[in-house]
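Here the structure comes first, spelled out in structure tokens, and everything after it is commentary.
The values are calculated or read from the model by the stated rules, or taken from the named source; none is laboratory data. Keep in mind that this is a model prediction, so the values were computed, not measured. Virtual Cβ from ideal backbone geometry, glycine too; neighbours counted across all protein chains shown.
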Amino acid sequence: MGIEQIEAKHFKKGSYIMIDDVPCRVVDNAKSAPGKHGHLKCKIEAIGLIDSKKRMLMKPGDAKIPSPVVDKRLGQVVSVSGGSAQLMDMETYEMFETQIPDDLKSAIAEGKEVEYWMIESVKAIMGVK
């Protein structure tokens with residue numbers, strides 16, 4: 001688990017990137033090489049994995065940008081309290097609390113299995129099984 005440094009020109013649609021310390025999924029990487037001796041420039045568009053906000057980043061093609069390692073896991077909902085849920089990891093039996101995304105609030109209930117992603121120190125519910 002951690003962060004790898006990847007050159008801007010290597011990011012493709014669907015890959016993960018850190019923009020402003022927020023893990024995001026790349027939706028477009030427009031590349032341009034202006035002039036005869038111009039260097040490659042990348043305009044990366046991404047959507048935040050946790051907050052679904054659109055973010056943009058412009059960098060030279062050889063600039064190193066952090067890319068988070070995403071660990072996808074299964075958990076079981078132990079309890080629901082307001083906008084958060086207590087989950088138990090199905091592999092390690094670790095218990096932790098995390099926020100419930102707005103679009104999943106009606107689907108989350110005690111006893112349900114969910115897919116959650118560990119990105120850096122953030123654990124986010126991504127779907128219900």
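Rundown of residues vs (1) outside the structural domain of Cys24 (by TED's automatic domain parsing); (2) exposed (fewer than 14 other Cβ atoms within 10 Å of the Cβ); (3) of a type outside the set (Val, Ile, Thr); (4) under 28 Å from Met18 (Cβ atoms), yes/no style:
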{"position": "Ser81", "(1), (2), (3), (4)": "yes, yes, yes, no"}
{"position": "Gln99", "(1), (2), (3), (4)": "yes, no, yes, yes"}
{"position": "Ser106", "(1), (2), (3), (4)": "yes, yes, yes, no"}
{"position": "Val114", "(1), (2), (3), (4)": "yes, no, no, yes"}
- Query: Does the range 62-76 contain any residue that is over 23 Å from Glu120 (Cβ atoms) and modelled with pLDDT under 90?
  - Reply: no
- Residues satisfying the stated conditions in the range 17-41, i.e. within 30 Å of Gly127 (Cβ to Cβ) and either exposed (fewer than 12 other Cβ atoms within 10 Å of the Cβ) or not aliphatic (A, V, I, L, M) (or both): Asp20, Asp21, Pro23, Cys24, Arg25, Asp28, Asn29, Ala30
- In the range 108-129, which residues are at pLDDT 90 or above and more than 18 Å from the chain's Cα centre (by Cα)? Ile108, Ala109, Glu110, Gly111, Lys112, Glu113
- Query: Tell me, which residue of the range 24-38 that is of a type outside the set (Gly, Ala, Ser), outside any loop (DSSP other than H, G, I, E, B) and over 27 Å from Phe96 (Cβ atoms) is nearest to the chain's Cα centre (by Cα)?
  - Reply: Val26
- Task: Name every residue in the range 102-129 that is outside any strand (DSSP E or B) and touching a residue at least 40 places away in the same chain (Cβ under 8 Å), in order of residue number.
- Result: Glu120, Lys129
- With the checklist (1) farther than 24 Å from Ile3 by Cα; (2) charged (D, E, K, R); (3) part of a strand (DSSP E or B) in hand, flag the one item Arg73 doesn't pass. (1)
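Go through the range 1-23 and give me each residue that's in a strand (DSSP E or B) and either in contact with a helix residue (DSSP H, G or I) (Cβ under 8 Å, 6 or more places away or on another chain) or farther than 16 Å from Met118 by Cβ (or both). First the steps, then the outcome.
First, the residues of the range 1-23 that are in a strand (DSSP E or B): 3-7, 16-19, 22-23.
Within the range 1-23, Gln5, Ile6, Glu7, Ile17, Ile19 qualify.
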- Query: Cβ-Cβ below 7 Å, separation at least six or inter-chain, first residue in the range 39-64 and closer than 30 Å to Gln99 by Cα, second not in a strand (DSSP E or B): which pairs?
  - Reply: Ile44/Ala8; Ile44/Phe11; Arg55/Asp20
